[in-house]
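What follows is one structure encoded as structure tokens, with my remarks underneath.
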Amino acid sequence: MKIQRLVLLGILLITVLFPLMSQNHYHKQIIILVMIWSIAVYGLNIISGFTGQLSLAHAGFFACGAYTLGILTATYQLNFWLAFLAALTVTVALSFLIGLIALRTRHHFFAIYTMCVGFIIYLTIDKWDEVTGGVRGLIGIPVPSPIGPITFETIESQYYFILLFLLGTIFVVKRIKDSLFGRTLQAIRGSEDLSKTIGINIMKNQLLSFVLSAFFAGLAGVLYAGFIRFLGPDISAITVTFEMLMYLLVGGIGTMTGPILGTFLIVSVTQSLQFLEEYRMLIFGPIVVLIMLFYPKGLVGSYHSVKTYLTSRRTAPVKEKVKEAG
């Protein structure tokens, strides 16, 4: 446990010092995007990893947060922080209404329903030119407004701003996982019928999980809009949801470090292969397939499985000796 804490502290220290050690703006931009996508993937982990429901509307909620902030700031000149709160409120309200209907379905029907919802959000953004800008996109989104003497004009200030939200997300998701609510979600994932017999309100807990998942997707969308400052309908496409799901599966679904590890690895590899243009998927695709074949629990999940196996192998001789002595 001490070694793990030291490793985590070391990673945190490197992350904090990275903007000061590197003069490469491109690398800083990549890390910022990794942090933003990681926040969204942590949200997906709540509904899919903890609760066991596959939501394919995640990119839609991401876009909902991003476009609400963009429209309110770029079109109506609303203060960034008021638009920030409004975007999260709209995302949560929309996810609550969708969840009330979607969670009446189960398993693959739930996935199909949420995929349809995500596609409807995409079509709304793509076709509603007067509000969203349609295929032309939405431009002129401002950076976060200053907080006292603190401004967010430089890439370094944006880096630490988004890092703060990522750390807050990890803290909140960890508290959720370790709480009674988190254990309830895992019980529902294990068996809904058994959970009902012990008095768990399935609909209520799944709905809360769905709304929390959408909240973090909306938060990531808001941060994305403030950083990129341009939005297009492609951010709400179903392919974006599949990319998030891939980050989660490769890192380790249901784990705490899986979302950020999977996002970092895949985004880093895809950026490293940019010189191959469209042919990069010929290399990247098989790598992902091999990971999923040999590490079906993801990298972090497989690490925990190997660790548990080795621990049991070490303790087995001791248990046998105790039995013989008894």
Any idea of T154's accessible area? Nearest 10 Å², probe 1.4 Å. 70
To the nearest 10 Å², what's L249's accessible area with a 1.4 Å probe? 60
(1) 46; (2) 30; (3) 21, with the label sought being that of the calculated percent of Cα pairs over 33 Å apart: (2)
Which residues make up the longest stretch of the chain that has no chymotrypsin sites (Phe, Trp or Tyr not before Pro) in a DSSP loop with at most 15 other Cβ atoms within 10 Å? 129-326
With 0.36 nm assigned to each residue of separation and the Cα-Cα distance removed, L8 to I202 gains 66.4 nm
If you count only protein heavy atoms with a 1.4 Å probe, what accessible area per residue comes out for the chain, rounded to a whole Å²? 53
With runs of 4+ DSSP H residues as the only contributors, calculate the mean residue ellipticity of the chain at 222 nm using -39,500 (n - 2.57) per run, divided by the residue total and rounded to the nearest 500. -24500 deg cm²/dmol
What is the gain in length, in nm to one decimal, between I112 and M292 on full extension, counting 0.36 nm per residue of separation less the C-alpha to C-alpha distance? 62.5 nm
Just name one of T75, F181, V222: the one whose Cα is farthest towards the positive end of the charge dipole of the range 31-298 (beta-carbon charges, Lys/Arg +1, Asp/Glu -1). F181
Rounded percent of accessible protein surface that carbon and sulfur make up, the chain, 1.4 Å probe: 70
In nanometres, the difference between 0.36 nm per residue of separation and the alpha-carbon distance of V16 and L100 is 26.2 nm
Treat every Asp and Glu Cβ in the chain as -1 and every Lys and Arg Cβ as +1, leave all other atoms uncharged, and give the resulting dipole magnitude about the Cα centre to the nearest 20 debye. 1440
Apply 1/(1 + (r/R0)^6) to the Cβ-Cβ distance of S191 and I139, taking R0 = 45 Å, and write down the FRET efficiency to the nearest 0.05. 0.35
Heavy atoms of H27 accessible to a 1.4 Å probe, total area in Å² rounded to 10: 90
Return the distance in nm (one decimal) between the two label points of a simple spin-label model at L82 and E156, each offset 7 Å from Cα along Cα→Cβ. 3.3
Set K174/K196; K177/K297; K174/K204; K196/K307; K174/K307; K174/K297 screened for pairs whose C-alpha atoms are more than 27 Å apart: K196/K307
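The values are calculated or read from the model by the stated rules, or taken from the named source; none is laboratory data. Model, not experiment: these values are computed from the prediction. Cβ sites come from the backbone with ideal geometry, for glycine too, and all protein chains shown count toward neighbours. Side chains included, ligands, DNA and RNA excluded: accessible areas come from the protein's heavy atoms. Shrake-Rupley method; radii C 1.70, N 1.55, O 1.52, S 1.80 Å.
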